[in-house]
Amino acid sequence: MAHYHHHHHHHDHAHPAMAESTKRIYIICIALNLGFVLIEGIVGLINNSYGLVSDAGHNLSDVLSLVLALIAFYLASPKMNGRHDKLSRNISFFNAVLLIVAVAVIAVGAIGKLIHPETVNGDVISITAGIGITVNGLTAWLLLRQNQEDLNNRGAYLHMLADTLVSVGVVLSGIVIRFTGWSIVDPLISLAIAAVIFVCGLKLLLQYSR
């Protein structure tokens, strides 16, 4: 009960001021990640790397989640206190559904690449995903500094943390391809990415159902 009172008090006074700086941070994070998604997606397509395309898809789903969280902040005026939590929950649910759709798309494409493998450039994969580690890591750090009690903030931060780890995996796959020439590693890493996204989506669904 005491916790609820403290949380409510925090909403009434600190929320509007916090929301302003949070909105700014979200806009910066969205711009950063959207720029990177475009670069990674184009590089992946040009170089036949389904790993990069999958990672770009994963990043795009996170950009969308940041946009949805930002919309929630804009709609959360002090008068909408009660409804803000409900809105946050609905956005979390939509996010979860979106992630699970992304999993299906990536998995289908990766299986296709396993059946019909194509030669990929390991160096290009490693360098591009390396940039992704920087972008995702910076975004995760910025989001970590926001209010972690807010379900949207927490969700966005966890997404970006998962993204950073996924990018590390893609860098490693690029190194393996570079030294072994095993292009099959590329679609395999895509399936691993799909599994990570699936777990994120499932967690959000479980949080929503609580």
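The values are calculated or read from the model by the stated rules, or taken from the named source; none is laboratory data. Predicted, not measured: the structure shown is a model, and the values here were computed from it. Note that each Cβ is placed from the backbone with ideal geometry, even for glycine, and that neighbours are counted across all protein chains shown.
Is it the case that Arg210 is surrounded by 17 or more Cβ atoms within 10 Å (Cβ to Cβ), free of Cβ contacts under 8 Å to residues at least 12 places away in the same chain and more than 19 Å from Ala102 (Cβ to Cβ)?
For Arg210, the condition - surrounded by 17 or more Cβ atoms within 10 Å (Cβ to Cβ), free of Cβ contacts under 8 Å to residues at least 12 places away in the same chain and more than 19 Å from Ala102 (Cβ to Cβ) - is not met.
For the range 89-99, which positions are surrounded by 17 or more Cβ atoms within 10 Å (Cβ to Cβ) and either touching an Asp or Glu at 6+ places or on another chain (Cβ under 7 Å) or modelled with pLDDT of 80 or more (or both)?
Ala96, Leu98, Leu99
Among the listed residues Ser183, Ser173, identify the single one that is surrounded by 24 or more Cβ atoms within 10 Å (Cβ to Cβ) and either of a type in the set (S, T, N, Q) or without any contact (Cβ under 8 Å) to a residue 24 or more places away in the chain (or both). Quick ask: steps written out before the conclusion?
On the way: Ser183 fails: surrounded by 24 or more Cβ atoms within 10 Å (Cβ to Cβ).
Every option except Ser173 fails the conditions.
Does Leu204 satisfy being surrounded by fewer than 24 Cβ atoms within 10 Å (Cβ to Cβ) and either within 19 Å of the chain's Cα centre (by Cα) or within 21 Å of Val67 (Cβ to Cβ) (or both)? Steps first, please.
Numbers: surrounded by fewer than 24 Cβ atoms within 10 Å (Cβ to Cβ): no; either within 19 Å of the chain's Cα centre (by Cα) or within 21 Å of Val67 (Cβ to Cβ) (or both): yes.
So Leu204 does not fit the description; no.
From (1) among the hydroxyl-bearing types (Ser, Thr, Tyr); (2) part of a helix (DSSP H, G or I); (3) over 10 Å from the mean Cα position of the chain (by Cα), pick out the condition that doesn't hold for Ser183.
(2)
Residues in the range 154-170: is at least one under 15 Å from Leu52 (Cα atoms), of a type in the set (D, E, K, R) and part of a helix (DSSP H, G or I)? Break it down stepwise before answering.
Narrowing the range 154-170 to residues under 15 Å from Leu52 (Cα atoms): 163-170.
Restricting the remaining residues to those that are of a type in the set (D, E, K, R) gives 163.
If we keep only those that are part of a helix (DSSP H, G or I) too, we end up with 163.
Within the range 154-170, one or more residues are under 15 Å from Leu52 (Cα atoms), of a type in the set (D, E, K, R) and part of a helix (DSSP H, G or I).
Yes or no: Ser65 modelled with pLDDT under 85, touching a Leu at 6+ places or on another chain (Cβ under 6 Å), farther than 30 Å from Ile184 by Cβ and part of a helix (DSSP H, G or I)? Show your work before the answer.
On the way: modelled with pLDDT under 85: yes; touching a Leu at 6+ places or on another chain (Cβ under 6 Å): no; farther than 30 Å from Ile184 by Cβ: yes; part of a helix (DSSP H, G or I): yes.
Criteria not met by Ser65.
Which pairs have Cβ atoms under 6 Å, sit 6 or more apart or on different chains, and link a residue in the range 86-104 that is in a helix (DSSP H, G or I) to one that is polar (S, T, N, Q)?
Ser88/Asn152; Asn95/Ser65; Leu98/Ser61; Leu99/Ser61; Ala102/Ser61
Could you please find all residues in the range 37-51 being crowded, with 23+ Cβ neighbours inside 10 Å and assigned to a helix (DSSP H, G or I)? Before the answer, list the steps.
Taking the range 37-51 as the starting set, the residues that turn out to be crowded, with 23+ Cβ neighbours inside 10 Å are 40, 44, 49-51.
Glu40, Gly44, Tyr50, Gly51, listed by residue number.
May I ask you to list pairs of residues, at least six apart or on different chains, whose Cβ atoms are under 6 Å apart, with the first in the range 42-70 being over 28 Å from Pro117 (Cβ atoms) and the second being of a type in the set (Phe, Trp, Tyr)?
Close Cβ pairs (under 6 Å, with a partner that is of a type in the set (Phe, Trp, Tyr)) amount to Leu66/Tyr26; Leu70/Tyr26.
Tell me which residues, restricted to the range 114-159, are small (Gly, Ala, Ser), within 18 Å of Gly174 (Cβ to Cβ) and touching a residue at least 60 places away in the same chain (Cβ under 8 Å). Steps first, please.
Quick first cut of the range 114-159, residues small (Gly, Ala, Ser) only: 122, 126, 129-130, 132, 137, 140, 155-156.
Imposing the further condition that a residue be within 18 Å of Gly174 (Cβ to Cβ) reduces the set to 122, 126, 129-130, 132, 137.
Within the range 114-159, Ala129, Gly132 meet the criteria.
Residues are listed down the side, and each one gets a yes or a no for (1) modelled with pLDDT of 85 or more; (2) farther than 17 Å from Ile193 by Cβ; (3) crowded, with 20+ Cβ neighbours inside 10 Å:
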{"site": "Ala102", "(1), (2), (3)": "no, no, yes"}
{"site": "Ala107", "(1), (2), (3)": "yes, no, no"}
{"site": "Ile111", "(1), (2), (3)": "yes, no, no"}
{"site": "Ala129", "(1), (2), (3)": "yes, no, yes"}
{"site": "Gly132", "(1), (2), (3)": "yes, no, yes"}
{"site": "Leu158", "(1), (2), (3)": "no, no, no"}
{"site": "Ala162", "(1), (2), (3)": "no, no, yes"}
